Amino acid sequence: MTDPLIRLRGVNKYYGDYHALRDVDLDIAAGEFFSLLGPSGCGKTTLLRTIAGFEGVSGGSVAIGGRDMTRVPPNKRPTNMVFQSYAIFPHLSVAQNVGFGLRKRSDLNDDARRAMVADALDMVGLEGYGGRAATALSGGQRQRVALARALVLQPKVLLLDEPLSALDRKMREQMQEELIRLQRHIGITFILVTHDQEEALVMSDRIAVMFDGAIAQLAEAEDLYRRPVDQRVAQFIGVMNFLPAAVAADSVDAPGLGRIPLDAVGVRARANDAPTIGFRPEAVTLLFPGQDAPDRVTDATVAEVVYYGDMTYYDVCLDGTDAKLRVSMRNVYGREVMEIGQRTRLAWSPGAMVLFT
Ligand code: ATP
């Protein structure tokens with residue numbers, strides 16, 4: 001990235017003795033949809049607030065558009081924030097809420113203001129709602145008002161702090177798709193804070209995974225999922241099965257899987273603990289009765305069945321180990337879902353394995 005829009009260097013933040021951000025270096029390009037992802041308390045909101053200027057840094061620098069912003073207050077930064085709680089004024093109409101940030105703009109007359117508010121409502125799919133009372137809206141509509149209120153100010157960067165977490169699942173998925181379309185359409189930089197890995201994978205160009213105030217991995221969604229840098233990231237991004245491994249000079253041994261040549265293993269990563277082999281539930285296959293066995297097959301017994309309609313999650317025990325491993329299989333019409341206790345075979349390939357050493 002030659003000229004990032006946002007550049008953080010060596011950002012540290014202390015709350016008293018508590019070290020909330022640790023040496024964060026981060027470049028975000030103009031027009032990117034970027035997500036900060038991590039468990040509760042990892043520092044993602046704090047990091048977002050240091051970009052917005054609501055939080056000062058204890059050390060390091062924040063630059064936006066090539067200008068040092070480290071000591072610049074939030075209202076002088078080209079950023080705007082959308083909060084989880086919407087923070088809508090209940091006594092104002094939808095249009096008054098959206099136009100609130102424009103009221104002090106002496107360069108705008110009433111017509112210009114009205115046109116900007118109408119444009120912003122249009123962008124979020126609320127055309128015609130301007131006259132409504134802000135209280136007479138659903139949760140999803142309120143979140144759209146909050147978005148329109150931020151967009152009307154035409155920020156270079158929109159900061160979104162868990163904006164969808166209060167919505168039910170269907171609404172959340174719909175808003176995710178709308179936000180992606182909106183971001184592509186207007187082309188400004190979005191930075192999203194979320195603890196929901198699926199949301200981050202669905203929405204982002206790139207994702208920074210944070211633990212304990214530091215960025216553990218920064219990558220595109222597919223890279224993060226397929227090539228996690230360590231076990232902690234692998235576990236946080238979706239589900240991964242782990243088996244203890246014994247690593248020799250040119251091979252690795254895992255109970256139930258046998259010996260795998262090291263150069264056939266798909267990905268090498270850092271172990272947080274002892275050497276381990278990992279694989280995703282969809283990276284392997286269960287063989288149904290009568291199915292031909294490919295190269296590598298391990299006998300197993302179905303221990304648990306979780307039916308999802310389009311998919312079934314099976315927990316299986318490989319022969320020779322007690323470990324329960326999760327396998328996800330797409331359901332096929334005309335084929336019975338397996339039952340608990342049924343004997344099966346796990347087909348896998350070394351290339352689907354991640355070795356943590
Ligand atoms: P969540 O998803 O729960 O919001 P987060 O990753 O956004 O978590 P932050 O809100 O950034 O986490 O908080 C990081 C850590 O800093 C937490 O341990 C939190 O308790 C602490 N913290 C945040 N704000 C303050 C504050 N004003 N004073 C003291 N400690 C704070």
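The table that follows gives values for the structure above.
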item: Stretch gain in nm, segment Arg335-Ala63, where the contour uses 0.36 nm per residue and the Cα spacing is subtracted; result: 92.2 nm
item: With eigenvalues of the C-alpha gyration tensor scaled by 5 and rooted, region 166-271, Å; result: 35, 14, 13
item: Percent RCO, i.e. relative contact order, over the chain, from Cα pairs under 8 Å lying at least 6 residues apart; result: 15
item: For region 6-235: span of alpha carbons on each principal axis (Å, largest first); result: 52, 40, 31
item: Overall form of region 281-357 per C-alpha gyration tensor (a/c, 1.5; a/b vs b/c); result: rounded
item: Gyration tensor verdict on region 216-289 (Cα atoms; rounded if a/c is under 1.5, prolate if a/b is larger than b/c, oblate otherwise); result: oblate
item: Fluctuation leader among Leu346, Leu47, Leu21 - the chain, Gaussian network, Cα springs under 10 angstrom; result: Leu346
item: Prolate/oblate/rounded label for region 1-72 (Cα gyration tensor, a/c 1.5); result: oblate
item: Angle between the chain longest axis and helix 169-186 axis [Cα atoms, degrees, rounded to 10]; result: 60
item: Most to least packed among 142-148, 217-223, 130-136 [average Cβ atoms within 10 Å]; result: 142-148, 217-223, 130-136
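Read the figures in this text as sums done on the coordinates, not as results from a lab. In this text the structure is predicted, and so the values were computed from the model without any measurement. Positions of Cβ are backbone-derived with ideal geometry, glycine not excepted, and every protein chain shown enters the neighbour counts.
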